[in-house]
Amino acid sequence: MLLDKIETPAVLIDIEVAERNIQACQDYCDEHKIALRPHIKTHKLPRLAQAQIDAGATGITCQKIGEAEVMAAAGIKDILLTYNILGPAKLARLRRLHDEIKLSVTADNLAVLEGLSEAFADADWPLAVLIECDTGGNRCGVQSPQNTVELAEQISQSMGLRFAGLMTYPKAGGTADVQAFMTEAKGLLAEAGYDCATISSGGSPDLHQAHLAPVIKEYRVGTYIYNDRSLLVRGACGLDDCALHVLATVISTPTPERAIIDAGSKILTTDLFGLGGHGVIIGHPLLAVSALSEEHGNIDCSRAPGSLAVGDRIRVVPNHACVVSNMVDQVYLMDDGKVFSVEAVAARGMVV
């Protein structure tokens, strides 16, 4: 399929770039003897999850049960679910997954552990549970290394569960905090008689700093496969490393200083990450995606007036690639500048 035949807005994936990113990350983790467990929330495609495993990943990470169900149905057999699971319906689905694949989960409180134990008390083998730790990301997680001992004791005393280690999602730039927290927690757990088989951290911005926290034995990354503007401005990648582009058409040029494209917040997202604007326009360094409404994107052409005309097509590297994947039913896979496949985003909308 030729690019000019694709209806816009559309999401393009340069498969060569994505595969290069997969291999570069795997090579880094192999060099530093870190197990890699990619997060599929960025691409939501079984095809790319399998490519990551084929390259050497130990398994994958999912955030929601729906994502894990899609990946398991596609043949992925080792999944870590990094989310507190609550409620009978979700626990029943989790139990079904546990019967089919190698499954592990995370928890950071007694209520979650009680629900897990009730659902897995009569399982043929125990559910592996990692304790989530807040090492500075201010999301979920126990607040101190001492808290890990309390939860490890609860896990070990709970029918159907086994303590499998520690997990964190740190703030960007928080590698030293991870090392300090996890080293103390590991020591306290050892004193209490608990072995940390897995200590897992993550985050694409600090991927190449992972070895600076040697206590970590596993790393989880998602955005690295595509990269985006948020990683570009942090210096974590170059523009040539960005595999996901949003293809958009100029539908209006109300003034020479302003153009309107057919891609708004429903595809480019409103995530800012502290940045100004909503993406990088390939081949137009003087233009900026200055504002979004639902179906319209405003292009500021004041530094290059008249540079866009109605009917022109542009490519945008979005601020946040992960959200873009969840906006569309399909993506266009490209190689050597040509579309070779239209791929359904199988785990799109799987937020339950």
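Quick check on the range 267-278. Is at least one of its residues in a loop (DSSP other than H, G, I, E, B), farther than 26 Å from P205 by Cβ and of a type in the set (A, V, I, L, M)? Steps first, answer last, please.
Taking the range 267-278 first, the residues in a loop (DSSP other than H, G, I, E, B) are 269-278.
Keeping just the survivors that are farther than 26 Å from P205 by Cβ gives none.
Within the range 267-278 (the criterion being in a loop (DSSP other than H, G, I, E, B), farther than 26 Å from P205 by Cβ and of a type in the set (A, V, I, L, M)), the answer is no, since none of the residues qualifies.
Picking from T148, T135, which residue would you name as being assigned by TED's automatic domain parsing to the domain that holds P170, of a type in the set (V, I, T), at pLDDT 95 or above and out of contact with any Leu (no Cβ under 8 Å at 6 or more places or on another chain)? Break it down into steps so the answer makes sense when it comes.
Values: T148 fails: out of contact with any Leu (no Cβ under 8 Å at 6 or more places or on another chain).
Step by step, each of T148, T135 is checked, and only T135 is assigned by TED's automatic domain parsing to the domain that holds P170, of a type in the set (V, I, T), at pLDDT 95 or above and out of contact with any Leu (no Cβ under 8 Å at 6 or more places or on another chain).
Condition first: of a type outside the set (S, T, N, Q), within 16 Å of K186 (Cα to Cα) and either free of Cβ contacts under 8 Å to residues at least 60 places away in the same chain or surrounded by fewer than 20 Cβ atoms within 10 Å (Cβ to Cβ) (or both). Now tell me which residues in the range 109-144 satisfy that.
So the first thing to find is which residues in the range 109-144 are of a type outside the set (S, T, N, Q), and the list is 110-116, 118-134, 136-137, 139-142.
Retained after the next criterion (residues that are within 16 Å of K186 (Cα to Cα)): 129-134, 141-142.
Matches in the range 109-144: V129, I131, E132, C133, D134, G141, V142.
Please indicate, with yes or no, whether at least one residue in the range 292-301 is small (G, A, S), in contact with a His (Cβ under 9 Å, 6 or more places away or on another chain) and buried (at least 19 other Cβ atoms within 10 Å of the Cβ).
Here is the first cut: in the range 292-301, the residues small (G, A, S) are 293, 297.
The next check asks that each one be in contact with a His (Cβ under 9 Å, 6 or more places away or on another chain); those that pass are 297.
From what is left, the residues that are buried (at least 19 other Cβ atoms within 10 Å of the Cβ) are 297.
Yes; the residues of the range 292-301 include at least one that is small (G, A, S), in contact with a His (Cβ under 9 Å, 6 or more places away or on another chain) and buried (at least 19 other Cβ atoms within 10 Å of the Cβ).
Tally up the residues in the range 324-344 that are of a type outside the set (S, T, N, Q) and either in the same structural domain as L292 (by TED's automatic domain parsing) or surrounded by fewer than 15 Cβ atoms within 10 Å (Cβ to Cβ) (or both), please. Spell out the reasoning first.
The first filter runs over the range 324-344 and keeps only residues of a type outside the set (S, T, N, Q), leaving 324, 327-329, 331-340, 342-344.
Those left that are additionally either in the same structural domain as L292 (by TED's automatic domain parsing) or surrounded by fewer than 15 Cβ atoms within 10 Å (Cβ to Cβ) (or both): 329, 335-338, 340, 342, 344.
Residues meeting the conditions: 8.
What are the residues in the range 328-352 that are among the aliphatic types (A, V, I, L, M), in contact with a strand residue (DSSP E or B) (Cβ under 7 Å, 6 or more places away or on another chain) and in a loop (DSSP other than H, G, I, E, B), if any? If you could, list the steps in order and put the result at the bottom.
Step one: of the range 328-352, the residues among the aliphatic types (A, V, I, L, M) are 328, 331, 333-334, 339, 342, 344-347, 350-352.
This time we only want the ones that are in contact with a strand residue (DSSP E or B) (Cβ under 7 Å, 6 or more places away or on another chain), so: 328, 331, 333-334, 339, 342, 344-345.
Across the range 328-352, the qualifying residues are V328, V345.
The values are calculated or read from the model by the stated rules, or taken from the named source; none is laboratory data. As the structure is a computational prediction, the values presented were derived from the model and not from experiment. As a convention, Cβ positions derive from the backbone with ideal geometry for all residues, glycine included, and neighbour counts pool all protein chains shown.
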